[in-house]
1. Give me the residue from region 85-95 that is not hydroxyl-bearing (Ser, Thr, Tyr) and not in a helix (DSSP H, G or I) and, out of that set, surrounded by the most Cβ atoms within 10 Å (Cβ to Cβ).
2. So which residues in region 75-93 are touching a Cys at 6+ places or on another chain (Cβ under 8 Å), modelled with pLDDT of 90 or more and more than 27 Å from residue 60 (Cα to Cα), if there are any at all?
Amino acid sequence: MMSVIAFLIIAMFWQKSCFKTLVLIGIFASGIARAEDKWFCTDDQAMRSGNTLMICGVGTSYDEGDARKKALENSMNEFKTMCALSADCKGHKITVDPKRSTCFANPEKFHTSFANFTCHRMFVFTIL
C-alpha cells in the first residue's frame, strides 16, 4: 500500500508527460512483479495517473483458461465504468497494454464444481 501512495505522490508532482508516466508505470510494475504473493492486483483494483489507468480484473472458474477470460472481462468492465464516469475519457481513443497475469489453483475447492482457479490480470489503459 505504501508503494501505491508513493507512486501517487510522485505522479502528482512530476510534470505531465506521456513518456515520464510510462517510465513511472514501468518502474512501479517491475517493483510489483518482484513481489511473490503480493502485488498491485491483489491489493487494489484500479489507479489513475493523468491519462493512464492501471486496472485489474479478477476471475474465478473451474478452468484456468476460463478464469483468465473472466479476469480480462472484469478489467474491461471496470475500465468502461470508470471511463463512462470521467468527462475526459468518453469518446476518446484508447490504447490497451496488457501487463502481469497471475493464476493460482484453489486446492480446497478442487472437489467442488466452481472456483478451482483464480486469476488476477493487470492492464494499462491510456486515453489518447
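The values are calculated or read from the model by the stated rules, or taken from the named source; none is laboratory data. Computed from a predicted structure; not experimentally measured. Because the Cβ atoms are built from the backbone with ideal geometry, glycine has one as well, and the counts that use them run over all protein chains shown.
1. By that ranking, first place goes to 89.
2. Selection gives 89 alone.
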